[in-house]
Amino acid sequence: MARARVLIRPKEGILDPQGKAVERALPALGFEGVGHVRVGRMVELEAEDPERLAELCEKLLANPLIEDYEIQPL
Amino acid sequence: MIWGVLQFPGSCDERDALHACKVVGGEARLIWHEDRDLGGVGGVVVPGGFSYGDYLRPGAIARFSPAMEAVAELAAAGGPVLGICNGFQVLCEAGLLPGALLRNEELRFICKQADLIPLPRTSDVDGPKTQAGVEFSAHQHEGATLSIPIKHGEGRYYAPDDVLDELEAKGQVAYRYAAGHNPNGSVRDIAGVRNERGNVVGLMPHPEHAVDPLTGSTDGRKVFEALEGFAG
């Protein structure tokens, strides 16, 4: 079994209101100078056939119209 | 005509959808998500709710259910399919409709009445026709503004600009929010879209909650009447 981590994030250019909300909250907590916050998802999994992970991401874990994904072998 | 209303774990508007089909003179029955056979229904409503808990993304898991395979076949054969709210999200995830639904711009769950403008289909592609030669044209109540409730947290319609241009050119935008009524940041005020043939329609607002004067508006009947008219 191969372990992998899949990072899924909103595509560049798509409004990410969660990221914006986090960004707006930071100055009130004393964290100045933090920008371009994007909130996504992380999925960890074990796969018998890591060759098929990209297909799995395209079909289920990410919606390629609105999200980018990145597969990181662990 | 006999309508099938899908029921997923987490659906919550299927009973109102059944009722709405009956109010306009149709018959309707529930179809469990594990049923691969739609039992000969002529059309399908994919209802609102939170199918499979909306895990991963709304509609992402529901689209792989056996009943959705059957719905895709029905749609390919020209059968009418209406997706409401979560049902719209399911149809987009399944690739039966273009685009995607994202978190509302203001991140809040919104529950209120909204005015919708129905738009006609203009594509040159022949849509499915009834035996009487009537083309399916659900929601072509031109000139009317419909007052329909909305209730969703992830209803911000999105598609890339080139796709939007194409949708507008072919009359695939089925509904827009009236000026000042866009609740969620949807691109170009889009509240609902149809496929190119016009037999698959999805919208975020809930016409099935607007069929009885008790709840303030009966404009939702027009949506179901158009479907039933297609069937007849």
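The values are calculated or read from the model by the stated rules, or taken from the named source; none is laboratory data. Here the structure is a predicted model, which means the values were calculated and not measured. Neighbour counts are summed over all protein chains in view; Cβ atoms, including those assigned to glycine, are modelled from backbone coordinates with ideal geometry.
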**Prompt:** Looking only at segment B:147-193, which residues are part of a helix (DSSP H, G or I) and without any contact (Cβ under 8 Å) to a residue 60 or more places away in the chain?
**Reply:** B:Asp161, B:Asp162, B:Leu164, B:Asp165, B:Glu166, B:Glu168, B:Ala169, B:Val187, B:Arg188, B:Asp189
**Prompt:** What pairs come up if the first residue lies in segment B:52-66 and is more than 9 Å from chain A (Cβ to nearest Cβ) and part of a loop (DSSP other than H, G, I, E, B), the second is of a type in the set (S, T, N, Q) and buried (at least 22 other Cβ atoms within 10 Å of the Cβ), and their beta carbons are under 7 Å apart, counting only those six or more places apart or on different chains?
**Reply:** B:Pro58/B:Asn86; B:Pro58/B:Gln89; B:Gly59/B:Ser51; B:Gly59/B:Asn86; B:Gly59/B:Gln89
**Message:** One residue is enough: does segment B:85-99 have a residue meeting the conditions aromatic (Phe, Trp, Tyr) and touching a helix residue (DSSP H, G or I) at 6+ places or on another chain (Cβ under 8 Å)?
**Reply:** no
**Asked** Only one of these conditions is not met by B:Leu6: (1) in a loop (DSSP other than H, G, I, E, B); (2) surrounded by 23 or more Cβ atoms within 10 Å (Cβ to Cβ). Which number is it?
**Response** (1)
**Asked** A:Ala54 is checked against (1) small (Gly, Ala, Ser); (2) more than 15 Å from the chain's Cα centre (by Cα); (3) away from chain B (no Cβ under 14 Å) and fails just one. What number does that condition carry?
**Response** (2)
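Within segment A:19-26, is even one residue away from chain B (no Cβ under 14 Å) and without any contact (Cβ under 8 Å) to a residue 24 or more places away in the chain?
Among the residues of segment A:19-26, at least one is away from chain B (no Cβ under 14 Å) and without any contact (Cβ under 8 Å) to a residue 24 or more places away in the chain, which makes the answer yes.
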**Asked** Are any residues in segment A:1-34 within 17 Å of the chain's Cα centre (by Cα), on the phi < 0 side of the Ramachandran plot and loosely packed, with under 10 Cβ neighbours inside 10 Å, and if so, which ones?
**Response** A:Glu12
**Qualifying positions in segment B:61-73 - surrounded by fewer than 20 Cβ atoms within 10 Å (Cβ to Cβ) and within 13 Å of B:Val45 (Cα to Cα)** = B:Ala72
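Yes or no, residue by residue, for (1) touching a Phe, Trp or Tyr at 6+ places or on another chain (Cβ under 8 Å); (2) within 14 Å of chain A (Cβ to nearest Cβ); (3) modelled with pLDDT of 95 or more:
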{"position": "B:Met68", "(1), (2), (3)": "no, yes, yes"}
{"position": "B:Cys85", "(1), (2), (3)": "no, no, yes"}
{"position": "B:Ala94", "(1), (2), (3)": "no, yes, yes"}
{"position": "B:Pro118", "(1), (2), (3)": "yes, no, no"}
{"position": "B:Thr122", "(1), (2), (3)": "no, no, no"}
{"position": "B:Gln131", "(1), (2), (3)": "no, no, no"}
{"position": "B:Ala174", "(1), (2), (3)": "no, no, no"}
**Asked** Which ones in segment B:22-52 are hydrophobic (A, V, I, L, M, F, W, C) and in contact with an Asp or Glu (Cβ under 7 Å, 6 or more places away or on another chain)?
**Response** B:Val24, B:Leu30
